[in-house]
Amino acid sequence: MSERIKKETLPSHGKRVPAYVWVTLGVTLLTLLLHAIGMSGDLVNVALIYLFPVLVSAVYWGMGPAVYAASFSVIMFDFFFVPPYLSFTVEDLRYLISFVVYLAVAILTASLAGRLRQQLEMVKAREATTNSLYALSRQMTAITDLNTLLVNIATQVSLTLGKPAAVYLPDGQVDLLVTSSPASTSEGEKDGWGDGESEIAIAKWVYHHGQIAGKGSSTLRESPGLYVPLRTEEQIHGVLAVSMDAGEVHEQQEQLRLLEACGGLAAGAIARVKLAEEARLAQITAESERIRTALLDSVSHELRTPLTAIIGSATGLLENDALFTPEDRRELTGNIRDGALRMNRLVTNLLGMVRLESGMLQLNRKWCDVGDIISVVLTQVRGFSPHRNIQVELPDDPAFIYGDEVLLEQVLVNIISNAIKYSPDESRIVITVTSDKSLSQLMIWVADQGIGIPEAERTRIFDKFYRSESTQHVTGTGLGLAICKGIVEVHGGTIVAEPNPGGGTRMRINIPMEAHGLRFPYSEQGEVEE
Amino acid sequence: MNGPLGARILVIDDEPQIRKLLKVTLQAHQFELHECGDGEEGVIQASIVHPDLIILDLGLPGMSGMEVLRRIREWSQVPIIVLTAKDQEGDKIAALDGGADDYVTKPFGMGELVARIRVALRHVAKTTDEPILRFGSLTVDLAQRQVELEGTLVKLTPTEYEMLKVLASNAGKIITQRQLLQQVWGGHHHESDSHYLRVYVGHLRKKLNEDPTNPRYIQTEPGIGYRFLLSAE
């Protein structure tokens, strides 16, 4: 407790000299005032009035100035009001007893007032510490990214203590990494504190021994920094270090305590983020496990079926060539081609999924004409849709979107192929493109008159490898729509399946027409026709 | 549509299976086939055999297909059709800009490849100073700078006309966005100006009464460029 008091009074060190000046001035003025209004006869009241400066200095400046005020007041009282006037000699020796009593009362009052003041300051300081710890803990809980967290801890600690701080985290097995070390704003020359070899060496020692070291602690007290291990119950996560000034020992003790509290908070936060990360990894592992199983099932079936057809037809042709009529031969070779095409689709989708999953998918964004994309898609799907009536309704103005045309084309190929796959021969497929300039959104509808999708499955069909129960008889891997969703979302758009008012399914793709605030950079050039 | 019989084709591909496939089918189409399995040898063969057309695989081990293309283009204007795997968008453009005449993606249909070979061979045979290009009901008169569709004059802006000229005089052949920008706007263009192409192609299509979703003349090769369709002929 006394250390805390010392610490809190320390900053007033420099103010003490003006305090004495103020006391001197105040008492002198009071004396002049009392003298002027002729209170010299009323000794008791004058003595009581002289208690004021003592109380005031006790409350505002503490013990020292209060005692000084008391002593100075006694001298003034004696000199100006106790007969003989204007002399330090005392006529009646009983006055001496009064002086002693006055001094004792003054000192007692002063010490009481001073203690009150100190307690107030202590409470204030505690509140400040609690506040900064509270701010720190509140910030810690909101952050889920380890790096941001570390930068935040260092900044917050550095702000609280007014000194550069650094956080060290283990890097793999051997090395400790300074993850962040922002210098306190006032001390520019200390930029990058904590990068030095000796500092890292001490941090390593602290990390491995789990003990506090540095200035103000029992170990390595000659070091300019203070190092606190970030410890939770099970393990040490890292080291928090603060550069200390050459302050007094008590001050360091106080900061040590604060730093330990910060360290505890930081350790908890780091542990939380690490656990969250581990949980996420575990979830990803489980998910990839599930996908791997689904992939194996799907691949073994989807790949083997066309392979069987290809191998069977090819060996048939090779071995029994003479047996087949020209029509048989055509049929078998057609079989081979269809099987190979089917395998090609599967491989394309698998590759697309891998690219999407691994984050390798880089958008090659350009301004593209949606009508153009649809025309390319139609030439691709016409090959396997001889009996569908495909209609396209485009807006009058060409609609441009800023996107990757090859990927968007893949989306539409998948969607339109699905519409063909799940709808009967001779049925109608309508592709409608509309643009909403005010929302800066482009909408593409692909409506078919097929079997439709039960409501419960309308979101699930976009999951990887999800195949609807009702469509098990149609070949497919359940990858196409998942890829579509991935691509559309990378473009910042959405894709949903809706029931088509006329029966069947309607897929709606919404894509922002602008990206990053870019507008289609074209205005009519005003070219004159020849 | 019969290609020149007996045209000599050099296949540079490291996959024996693809070479065999090409050899069997192209010979069945009356072409004379030469083949080799690596790029270095391919360059030498190209100078010894003097083929009428080269089919070049981009994914060669050792000397890459792009390098082979560059070496051959140093001294020869022989048509080169590049074989690529579909997802190498950038490679296709680089190959076309680097002097290839066309590309075919793997896996490819034989009919498509043979059609491309015929177009490329005919393109060489065609005299380039032919002043009037005819495609069905569309006539482009290069001497008069006039375009007629179904007997009526089509009014085009200078830029639209230049684009049509470049595309039509390379009919059947793919023109990359960069080539088109270069030939129409000259040197002062930027890669990112490709959206102008889209706008002008849109205008051009409208003036040629073309359904953009089912083009008669100008076909978009997504991500790469445009091709003036020969089938309109």
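The values are calculated or read from the model by the stated rules, or taken from the named source; none is laboratory data. Since the structure is predicted, the reported quantities are computational estimates derived from the model, not experimental observations. Quick reminder, even Gly has a Cβ in these numbers, built from the backbone with ideal geometry, and neighbours come from all protein chains shown. Side chains included, ligands, DNA and RNA excluded: accessible areas come from the protein's heavy atoms. Shrake-Rupley method; radii C 1.70, N 1.55, O 1.52, S 1.80 Å.
When you work out D = kT/(6 pi eta Rh) for segment A:28-104 at 10 °C and 1.306 mPa s, using the Kirkwood radius from C-alpha pairs as Rh and the Stokes-Einstein form, the result is 126 µm²/s. The order of the peptides B:142-149, A:315-322 by mean Cβ neighbours within 10 Å, most packed first, is B:142-149, A:315-322.
Placing +1 on the Cβ of every Lys and Arg and -1 on the Cβ of every Asp and Glu, with nothing else charged, gives segment A:275-413 a dipole about its Cα centre of roughly 260 debye. Global size of segment A:445-488: 10.6, 28 Å for Rg and Dmax (C-alpha atoms, Rg to one decimal, Dmax whole).
Calculated over segment A:339-479, the projected area of the Cα convex hull averaged across directions stands at 9.6 nm².
Relative to the current alpha-carbon distance between A:E260 and A:L146, full extension at 0.36 nm per residue lengthens the span by 39.0 nm. Helix A:370-381 and the long axis of chain A differ in direction by around 40°, with both axes built from C-alpha atoms.
If you line up the long axis of helix A:197-209 against the longest principal axis of chain A, both from Cα atoms, how many degrees apart are they, to the nearest 10? Between helix and principal axis, roughly 80 degrees. Once the convex hull of all Cα atoms in segment B:4-89 is built, its volume per residue stands at 94 Å³. Phi angles across segment A:415-430 convert, under the Karplus curve 6.51 cos²θ - 1.76 cosθ + 1.60 with θ = phi - 60°, into 3J(HN,Hα) values of 5, 5, 4, 4, 4, 5, 5, 9, 10, x, 4, 6, 7, 9, 10, 10 Hz, Gly and Pro given as x. Full extension of the segment from A:I236 to A:S440, taken as 0.36 nm per residue of separation minus the current Cα-Cα distance, would add 68.2 nm.
Here the protein assembly as shown is assigned +1 on the Cβ of each Lys and Arg and -1 on the Cβ of each Asp and Glu. Its dipole about the Cα centre then comes out at about 1320 debye. Mean per-residue shielding of peptide B:220-229 is 4, counting Cβ atoms of other chains within 10 Å of each Cβ.
Largest first, the extents of the alpha carbon coordinates of chain B on the three principal axes equal 52, 38, 32 Å. Against the compact-protein benchmark of 2.2 N^0.38 Å, the Cα-based radius of gyration of segment B:91-203 scales to 1.16.
Our analysis of segment A:202-305 gives Rg over Rh at 1.40, with the two radii drawn from alpha carbon positions and Rh computed by the Kirkwood formula. Amide H contacts for B:E35 (H built 1.01 Å from N in the peptide plane; partners 5 or more residues away or on another chain; cut-off under 5 Å): B:V11. So for the protein assembly as shown, taking the charge dipole from beta-carbon charges (+1 Lys/Arg, -1 Asp/Glu), which of A:T24, B:V140, A:N389 sits furthest toward the positive end? Sorting the options by dipole projection puts first A:T24. Using the rule -39500 (n - 2.57) for each DSSP H run of four or more residues, divided by the residues of chain B, the 222 nm mean residue ellipticity is -12500 deg cm²/dmol. Working note: Cα atoms of segment A:358-419, range along each principal axis, descending, whole Å: 37, 34, 15. For the protein assembly as shown, the Stokes-Einstein estimate of translational diffusion at 20 °C and a viscosity of 1.002 mPa s comes to 62 µm²/s, using the Kirkwood hydrodynamic radius over alpha-carbon pairs. With a Förster radius of 35 Å applied to the C-beta separation of A:T459 and A:N344, the computed FRET efficiency comes to 0.75. Neighbouring Cβ atoms from other chains, within 10 Å of the Cβ of residues in B:99-112, number 1 on average. When the accessible areas of A alone and B alone are added and the area of the pair subtracted, with a 1.4 Å probe, the result is around 2500 Å², both sides summed.
The simple spin-label model puts a point 7 Å past each Cα toward its Cβ; for A:V101 and B:V24 those points are separated by 13.0 nm.
Considering only Cα-Cα distances, which of the following residue pairs are longer than 19 Å: A:K437/B:K155; B:K20/B:K92; B:K173/B:K206; A:K163/A:K215? With Cα atoms farther than 19 Å apart: A:K437/B:K155; B:K20/B:K92; B:K173/B:K206. Taken residue by residue and averaged, Cβ atoms of other chains lying within 10 Å of the Cβ of A:290-296 number 0. Under 17 Å from a label point set 7 Å out along the Cα-to-Cβ vector of B:W75, the amide N atoms of segment B:39-60 belong to B:39-54. The charge dipole of segment B:39-131, taken about the Cα centre with unit charges on the Cβ atoms of Lys, Arg (+1) and Asp, Glu (-1), comes to about 200 debye, rounded to the nearest 20. Taken one residue at a time, the phi angles of segment A:311-327 give Karplus couplings (6.51, -1.76, 1.60, θ = phi - 60°) of 5, x, 5, 5, 5, x, 4, 5, 8, 10, 3, 5, 6, 8, 7, x, 5 Hz. Gly and Pro are set to x. Pairs of Cα atoms nearer than 8 Å and 6+ residues apart set the relative contact order; for segment B:1-100 it is 27 percent. Backbone amide hydrogens, once placed in the peptide plane, bring B:V104 within less than 5 Å of B:V82, B:L83, B:T84, excluding anything fewer than 5 places away on its chain. Protection proxy ranking for A:280-289, A:159-168, using the average of other Cβ atoms within 10 Å per residue and placing the highest first: A:159-168, A:280-289.
Spacing of the modelled spin labels on A:A279 and A:Q391, each 7 Å from Cα toward Cβ, amounts to 5.3 nm.
Note on chain A: helix-only mean residue ellipticity at 222 nm, from DSSP H runs of 4+ residues weighted -39500 (n - 2.57) and normalised by residue number, equals -19000 deg cm²/dmol. Between A:T89 and A:H301, residue separation times 0.36 nm minus the direct Cα-Cα distance comes to 64.4 nm. Applying the Karplus relation 6.51 cos²θ - 1.76 cosθ + 1.60 with θ = phi - 60° to segment B:65-81 yields 3J(HN,Hα) values of x, 4, 5, 4, 4, 4, 4, 5, 5, 4, 9, 9, 9, 4, x, 10, 9 Hz, where x marks Gly and Pro. Summary of packing: across the peptides B:17-28, A:339-350, A:219-230, the per-residue average of other C-beta atoms within 10 Å ranks them, highest first, as A:219-230, A:339-350, B:17-28.
Net charge of the neighbourhood of A:I153, taken over other residues with C-beta under 15 Å away and scored Lys/Arg +1, Asp/Glu -1, is +3. Taking Lys and Arg as +1 and Asp and Glu as -1, the other residues whose beta-carbon sits under 10 Å from that of B:I175 total +2.
For segment A:306-373, a/c is not less than 1.5, where a ≥ b ≥ c are the root eigenvalues of the C-alpha gyration tensor, and a/b does not top b/c. That puts it in the oblate class.
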